[in-house]
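Everything below concerns the one structure shown next.
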Amino acid sequence: MAQRLGGSIGRDVADDTFVVDGALSNSWTMDGDDLLITLPGDTHEIGIDTEIDPSANSKLMGLYASNGMLCTQCEAEGFRRITFFPDRPDVLSTYTVRMEGPADKFPVLLCNGNEVAAGEGDNGTHWAEWHDPWPKPSYLFALVAGNLVARRDTFTTMSGRKVDLAVWVREGDLSRTEHAMESLKNAMKWDEETFGREYDLEVFNIVAVSDFNMGAMENKSLNIFNTKYVLADVETATDGDYDAIEGVIGHEYFHNWSGDRVTCRDWFQLSLKEGFTVLRDQLFSADMGSEPVKRIEDVRVLRSVQFPEDSGPLAHPIRPDSYREISNFYTATVYNKGAEVLRMMRTMAGEERFRQGTDLYFTSHDGEAATCEDFVKSIEQGAGLDLTQFRLWYSQAGTPKVHLTLDHEGDTATLRFAQTVPPTPGQPDKKPMPIPLKLALFDRKTGKHHGEQLVILNEAQQSFSFDGFAEPPVLSVNRGFSAPVAIEREVSSEDLVFLAEHDDDPFARYEAMQDIVVRHLCATLAGSLDDAQRNSGRQAIGAAFSAVLGDAKLDDLMRGELLILPGESYLAEQMLIADPAAIRAEREGLKAWLGQTLESQFVDLHERARAVPGGTSAEAKGARKVKSQALVYLAAGNPGLAARTASAQYDAADNMTDRQGALMVLTSLQTPGRTHKLLDFYNRFKGNALVIDKWFALQASSLHPNVLEHVKALAKHPDFTLKNPNRVRSLYMPFTGTAQGFHAASGEGYRMIADLILALDPLNPQTAARFVPPLGRWRRIEPGRAVLMRKELERIAAAPKLSRDTYEQVTRSLD
Ligand code: BES
Ligand code: ZN
């Protein structure tokens, strides 16, 4: 039988490369990048020599050099760039690895599992041999060689086994690893307590590298991380960075069970490990901090990134049914919607029964390469749910729309629902899906409800009646965002104001605030309001904001969430065709009006928050959050005042949260302090790559009218390079969110991103392809700009030698 070994080591294969059962073999042929070997029987020992050049590896897949060290990234198909191999996730093997090299350049040699032997060789070389007892797919293979130092600690597992922990970084970075280590220990403990999962080796290593395509990678016992998700101290990392580090450390650690012990049969099942692990990291972060605030943040990401994906040309189900390049399918849909789908199962089953389902999944598939179907079956059996119809969530793309009305007659309230799942590429017709909606009906006099209910919609149209309401109740629906759907409802603004004030579900309270603003902005943008109506809409929003600003019972972390206006991309999502400039103008106009109308309240808030002592308590974090928020509104309403206050905040800052918040505001203003403070920031932190990334990102995301010129100039800055993915993303990703830059009516912003894609594609296709989706939104943008966006996509498509990654994204965006 011919055995196919995937490979793309990028060089000719020498004749003496293959040894079969100890003898040179010529029973092989090449098929493109793959190697075919024909062998009798089924047990042989094969030896393959390959020679690779890590320093020429700009794709950062396989074995590559970063900052003087060597490291690997194998998921999804990087192992074949190291050697020929049946590089598929269902091929599980045990690995013994011997590394050898110059001891001065590579004093530390790490691999999966345990170090079993080490020694010195000739001419200053040394070697180490590692063995990983757990069978694993090749995508979880990793090795690292370099001049690294470690923060060490230990963790004792629930059964009393001691695990040696290490976070490896470059020498000068050691002082910035404390939070990562704390997060790791918290994650290990949390997984024991919450999912009953214990760690299974004597060592756990994390290595931070500065050139990395993704955030981090869960290689068995040797997690490799982007420095961005490891290094932190108060002077250089924001509260948001601290939270992100905790979440990503948790995520990769949790993969040890949801990904490594139970892996994926094929890459169509990616959501099996990623959706599940995102749910696990979300629950972990919620338990480490504020549950409602975490939920609001997660929903905001889902709506601003995944909803647009689900309604655009790249829409796909959480379990895709086809792909050309798997790297393109590490998407918000597979990850975030995947997590939402599992969360719905958890909501329907209840926490305890869901846990019985996951226990069954882990024990019955331990050591296997499993499927999404295996997971669903385990939940069905373990939790006692019938998920027959629910499986549609795995195969149907598109965000369901739920239309609802509330009627009241006698003392009965009737809720009528109609659900539709919109057509998506390749899926014109959809079936109704089970949609679990948590709801409550409030008595408008007492401000109370009679208990939260869970209704599960499973037909195209359905109604539910509730007795005992002498007056029409106020409906609070999709509480806690129990289902990832878009609710379309007829509701008065009085009811929304009621919910914004009275709802006891913090998420629902946030939702009501968002709803009030979304409705108002959409109506003004549609031109359906006269001046008086527009003014009364603003008054209602102003009253709700004023209540939030003055509510002494709210903690500041939550207050900060309630003060965030719905984002431009979420607003665009509400319209069939969006005009980015108009959305920007209307949203900024409202912000300015709020800043002016509530100026004294924002000034008071800033002053009160400034007086809160620093530190890492929730109170201190909340104070920092609202401080910068207050500045944002003041900047819109009273730029002169804001410039002075922001400068003072910048000068007084003893932490990056305050400093970045102030600089963000200044960067968006046309004030002389702008250049001065940007220069100060640069000089203060030059040489610290992660902070210089912030310096690029702040300027590229700014509201400043000249953002396009700024980004053009920054691309020529000596610190800019296409070779480092963090740097590329810092400059260009925030830019794709600028209405006045990316969406400049001239088309220059689109051209800039297309030029970037073309320049980056030969170096790092995976990162290049990630810039295609912003251009791919053209069908939903007003026609003048849509033509220009399309033109850029066509220009990219016409380029010779496009990577598979970029080609797939561009052609799907044009289809
Ligand atoms: N397994 C992925 C890393 C990965 C992604 C490798 C794509 C190859 C291709 C890892 O577990 C992951 O999901 N990382 C996320 C961060 C996480 C917190 C969502 C990432 O890198 O963005
Ligand atoms: Zn992951």
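The values are calculated or read from the model by the stated rules, or taken from the named source; none is laboratory data. Everything numeric in this text was worked out from a predicted model, so none of it was measured. Using ideal geometry, Cβ is built from the backbone for each residue, glycine included, and neighbour counts are taken over all protein chains shown. For accessibility, only protein heavy atoms count, side chains too; no ligands or nucleic acids. Shrake-Rupley method; radii C 1.70, N 1.55, O 1.52, S 1.80 Å.
Details
- Pick from the range 163-218, criterion farther than 21 Å from residue 69 by Cβ and among the β-branched types (Val, Ile, Thr), ranking: farthest from ligand 2 (Cβ to nearest atom): 163
- Within the range 124-157, the set of residues being surrounded by fewer than 16 Cβ atoms within 10 Å (Cβ to Cβ) and in contact with a Pro (Cβ under 8 Å, 6 or more places away or on another chain) comprises 124, 125, 147.
- Qualifying residue in the range 248-259 (condition: more than 15 Å from ligand 2 (Cβ to nearest atom) and closer than 18 Å to residue 182 by Cα): no
- Screening the range 242-319 for helices (runs of 4 or more DSSP H) wholly inside it with 3 or more residues that are touching a Pro at 6+ places or on another chain (Cβ under 9 Å) and either within 24 Å of residue 564 (Cα to Cα) or away from ligand 1 (no atom under 11 Å from the Cβ) (or both) returns the ranges 291-301, 307-310.
- Selected residue [in contact with a strand residue (DSSP E or B) (Cβ under 8 Å, 6 or more places away or on another chain), of a type outside the set (Ser, Thr, Tyr) and either more than 26 Å from residue 78 (Cα to Cα) or open to solvent by 30 Å² or more (accessible area, probe 1.4 Å) (or both)] from 220, 185, 273, 294: 185
- Only residues that are away from ligand 2 (no atom under 16 Å from the Cβ) and either part of a loop (DSSP other than H, G, I, E, B) or among the polar types (S, T, N, Q) (or both) were counted in the range 45-76, giving 16.
- Flag if residue 785 is over 27 Å from residue 694 (Cα atoms), more than 22 Å from the chain's Cα centre (by Cα) and surrounded by 21 or more Cβ atoms within 10 Å (Cβ to Cβ): yes
- Subset of the range 679-707 that is over 28 Å from the mean Cα position of the chain (by Cα) and under 23 Å from residue 231 (Cβ atoms) - its residue that is least open to solvent (accessible area, probe 1.4 Å): 680
- Enumerated helices (runs of 4 or more DSSP H) restricted to the range 560-637, each holding at least 1 residues that are open to solvent by less than 20 Å² (accessible area, probe 1.4 Å) and without any contact (Cβ under 8 Å) to a residue 24 or more places away in the chain: 618-637
- Residue 268 vs. criteria in contact (Cβ under 8 Å) with a residue 40 or more places away in the chain, away from ligand 2 (no atom under 11 Å from the Cβ), open to solvent by 20 Å² or more (accessible area, probe 1.4 Å) and within 25 Å of residue 333 (Cβ to Cβ): yes
- Pairs where the first residue, in the range 281-292, is without any contact (Cβ under 8 Å) to a residue 24 or more places away in the chain and the second is among the basic types (Lys, Arg) and open to solvent by 20 Å² or more (accessible area, probe 1.4 Å), C-beta under 6 Å, 6+ apart: 286/294
- For residue 80, the conditions (1) part of a loop (DSSP other than H, G, I, E, B); (2) open to solvent by less than 60 Å² (accessible area, probe 1.4 Å); (3) among the basic types (Lys, Arg) all hold with the exception of (1).
- Flag for residue 322 being more than 14 Å from the chain's Cα centre (by Cα) and assigned to a loop (DSSP other than H, G, I, E, B): yes
- Residues that are open to solvent by less than 40 Å² (accessible area, probe 1.4 Å) and in contact with a Leu (Cβ under 6 Å, 6 or more places away or on another chain) number at least 3 in the following helices (runs of 4 or more DSSP H) confined to the range 334-425: 338-349, 372-383.
- Residue 237 passes every criterion in (1) away from ligand 2 (no atom under 16 Å from the Cβ); (2) open to solvent by 30 Å² or more (accessible area, probe 1.4 Å) apart from (2).
- Qualifying residue in the range 439-454 (condition: without any contact (Cβ under 8 Å) to a residue 24 or more places away in the chain and under 27 Å from residue 337 (Cβ atoms)): yes
- If you go through the range 92-115 and keep only what is open to solvent by 40 Å² or more (accessible area, probe 1.4 Å) and not in a strand (DSSP E or B), you end up with 92, 104, 105, 107.
- Checked against (1) surrounded by 21 or more Cβ atoms within 10 Å (Cβ to Cβ); (2) part of a helix (DSSP H, G or I); (3) of a type in the set (A, V, I, L, M), residue 208 meets all criteria but (2).
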